[in-house]
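Chemist: Pasting a structure here, questions to come.
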Amino acid sequence: MAKTIIELKKADLTLGNAAASVHVLKGIDLTVGEGESVGIVGPSGSGKSTLLMVLAGLEKLDSGELLIRDTPLHSLSEDRVADFRGRNIGIVFQSFHLIANMTALENVAVPLELANVRDAFDIARRELQAVGLGERLSHYPGQLSGGEQQRVAIARALAPSPALLIADEPTGNLDTDTGRQIADLLFAQQAERGTTLLLVTHDPVLAARCSRQIHVRSGEIEGDSARARTNQAAMA
């Protein structure tokens, strides 16, 4: 059985104030093992992206516990969570979030430099080559296609060799063919590195490529396909 990398216990979160407040997460429990690929799916407004942001350490719970690699993020300061995230979690967003006045190489290297990683530009160069952009190192985001920009974002997320890779609608801004290529790249890199992948998507085909699917509705987990398969196997 895979070692646990994520343990979320009774996670509760309300966003907004007073009459505008929304109870987004309602006592969620979730355990994820090392090396799993988990698709998080559900209708718009279900809380799936918020759940992902909590798991990335970008949203703080009102109550409950979040342990990643046995580290209690729920009890750490923002600075310590940010430091932990920089060393352990890679994040890929739908909108790329590249720095417009930096080259592809600089976009990948800068987070490493901020973390005082030695040979940041050498690592960035290798990561860009790994995602097929070895000839695009000196190009700026505005000179790259959407698919190429997302490859830069993936290289940036993977550069610190994170144990956990989080992707929020990574193909949402791409056409079908480019989205398929980006999905192929994500799963290939995840398999090669043994990284745990958490993926929010509206695309059922993309979600089906994950080894496990979590179905979120109205701030609660209403289904977990991996657990269902495990229970069926136990009954056989």
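Chemist: Specify which of the listed residues (Leu61, Leu67) is open to solvent by 20 Å² or more (accessible area, probe 1.4 Å), at pLDDT 95 or above and either under 22 Å from Gln189 (Cα atoms) or part of a loop (DSSP other than H, G, I, E, B) (or both).
Modeler: Every option except Leu61 fails the conditions.
Chemist: Residues of segment 117-151 being more than 23 Å from the chain's Cα centre (by Cα) and either over 20 Å from Asn101 (Cα atoms) or without any contact (Cβ under 8 Å) to a residue 12 or more places away in the chain (or both), which ones?
Modeler: Correct list: Arg118, Asp119, Asp122, Gly134, Glu135, Gln143.
Chemist: Now a separate question. Can you work out which of the residues in segment 84-122 that are touching a strand residue (DSSP E or B) at 6+ places or on another chain (Cβ under 9 Å) and not in a loop (DSSP other than H, G, I, E, B) is most open to solvent (accessible area, probe 1.4 Å)?
Modeler: Arg85
Chemist: Kindly provide the set of residues from segment 127-147 that are closer than 20 Å to Gln181 by Cβ, open to solvent by 40 Å² or more (accessible area, probe 1.4 Å) and in a helix (DSSP H, G or I), ordered by number.
Modeler: Gln129, Ala130, Gln143
Chemist: Report, ordered by the first and then the second residue, all pairs with beta carbons closer than 9 Å, sequence separation of six or more or different chains, a first member in segment 83-110 that is among the hydroxyl-bearing types (Ser, Thr, Tyr), and a second member that is open to solvent by 30 Å² or more (accessible area, probe 1.4 Å) and not in a helix (DSSP H, G or I).
Modeler: Ser95/Gly172; Ser95/Asn173; Thr103/Arg136; Thr103/Leu137; Thr103/Ser138; Thr103/His139; Thr103/Tyr140
Chemist: In segment 5-48, what residues are under 17 Å from His74 (Cα atoms), open to solvent by 50 Å² or more (accessible area, probe 1.4 Å) and under 17 Å from the mean Cα position of the chain (by Cα)?
Modeler: Glu7, Thr31
Chemist: What do you reckon, is Ile166 assigned to a helix (DSSP H, G or I), closer than 30 Å to Gly47 by Cβ and at pLDDT 95 or above? Spell out how you get there, then give the answer.
Modeler: Working: assigned to a helix (DSSP H, G or I): no; closer than 30 Å to Gly47 by Cβ: yes; at pLDDT 95 or above: yes.
When the stated conditions are applied, Ile166 does not pass them.
Chemist: Just the residues that are over 13 Å from Gln94 (Cα atoms) and surrounded by fewer than 18 Cβ atoms within 10 Å (Cβ to Cβ), please, taken from segment 148-177.
Modeler: Ser161, Thr176, Asp177
The values are calculated or read from the model by the stated rules, or taken from the named source; none is laboratory data. None of these values were measured; they are calculated from a predicted model. Virtual Cβ from ideal backbone geometry, glycine too; neighbours counted across all protein chains shown. The accessibility values were calculated without ligands, DNA or RNA, using every heavy atom of the protein model including side chains. Shrake-Rupley method; radii C 1.70, N 1.55, O 1.52, S 1.80 Å.
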